[in-house]
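The values are calculated or read from the model by the stated rules, or taken from the named source; none is laboratory data. Quick caveat, the model's predicted, so the values are computed rather than measured. Cβ atoms come from the backbone with ideal geometry, glycine included; neighbour counts cover every protein chain shown. Quick note on the areas: whole protein, heavy atoms, side chains included, nothing else; ligands and nucleic acids left out. Shrake-Rupley method; radii C 1.70, N 1.55, O 1.52, S 1.80 Å.
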Amino acid sequence: MNLSRNKIGAEGGIVLGKNGFWFALEEFDLSYNKLGEKAAIAIGENTAWNNLAALTLRDNNIGDEGGSAISKNTTWKKLLKLDLSKNWIGKNTSIQMSQNSTWANLTEICLNTNQIDIEGAEYLSSNKTWTNLQTLNLSGNNIGEKGAEYLSSNKTWTHLHTFDLSWNNIGEKGAEYLSSNQTWANLQTLDLS
């Protein structure tokens, strides 16, 4: 279902999140609306969408609390793709996301243009569930050299083939840390621009 660019605000997002009948829903795109934090919380609390494979909430100003609520969901066991880019999410979302053991099937995560920063990178790097992760976009998150060091320590993402860390001020030392990772043997694209 694609409801992107429909000027859906918090009230509409809350109603959608409370839907208990879309058991067969596989793809839900709500990008470029005005959902905000409360709607994201309602969506995160949804327990009916147990076939959801792709959720796109790009550019909805859900904030860190909204991102955390999404990241706590334990119903979406079939989730393959998650896009929370451009939403002002940060460390708390990173903590919840890294601790969510339900999303073992995730292959693609897009968190670009948020506020993940160094601490968020540390939490994300500690994730041991995303064994199928192929694409990770953390572009524009102020991760820096130290965040690159944390990310380079990950030993779980053995299928990672695309990693976007552009616009993060990684620097030479950060690039050095990343190049030392021996787990990412399938890596085809590393963007440090």
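Scanning the stretch 120-132 for residues that are more than 11 Å from the chain's Cα centre (by Cα) and either open to solvent by 70 Å² or more (accessible area, probe 1.4 Å) or under 17 Å from Asp83 (Cα atoms) (or both) yields Gly120, Ala121, Glu122, Tyr123, Lys128, Trp130, Asn132.
For first residues located in the stretch 96-124 and farther than 13 Å from Ile70 by Cβ and aromatic (Phe, Trp, Tyr), partners that are modelled with pLDDT of 95 or more and crowded, with 23+ Cβ neighbours inside 10 Å and lie 6+ apart or on another chain with Cβ distances below 7 Å form the pairs Tyr123/Ser94.
Test Ser31 against the criterion of being open to solvent by less than 20 Å² (accessible area, probe 1.4 Å), in a helix (DSSP H, G or I) and either at pLDDT 95 or above or more than 22 Å from Ile118 (Cβ to Cβ) (or both), and give yes or no. No; evaluated as a whole, the condition is false for this residue. Counting just the residues of the stretch 44-75 that are among the β-branched types (Val, Ile, Thr) and either in a strand (DSSP E or B) or under 21 Å from Thr107 (Cα atoms) (or both), which one comes out least open to solvent (accessible area, probe 1.4 Å)? Applying the filter and picking the extreme gives Ile70. Examine the stretch 98-119 for a residue that is open to solvent by less than 10 Å² (accessible area, probe 1.4 Å), in a helix (DSSP H, G or I) and either among the charged types (D, E, K, R) or out of contact with any Cys (no Cβ under 6 Å at 6 or more places or on another chain) (or both), and state whether such a residue exists. No, the conditions are met nowhere in the stretch 98-119. In this structure, does Asn92 turn out to be under 24 Å from Leu138 (Cβ atoms), assigned to a helix (DSSP H, G or I) and open to solvent by 10 Å² or more (accessible area, probe 1.4 Å)? Criteria met by Asn92.
Report whether or not Gly140 is within 27 Å of Leu35 (Cα to Cα) and either part of a loop (DSSP other than H, G, I, E, B) or open to solvent by less than 60 Å² (accessible area, probe 1.4 Å) (or both). In short, yes. Checked against (1) over 30 Å from Thr75 (Cβ atoms); (2) touching a strand residue (DSSP E or B) at 6+ places or on another chain (Cβ under 7 Å); (3) open to solvent by 30 Å² or more (accessible area, probe 1.4 Å); (4) hydroxyl-bearing (Ser, Thr, Tyr), Thr135 passes all but a single condition, namely (1). Of everything listed in (1) of a type in the set (Ser, Thr, Tyr); (2) in a helix (DSSP H, G or I); (3) in contact (Cβ under 8 Å) with a residue 40 or more places away in the chain, the single unmet condition for Tyr177 is (3).
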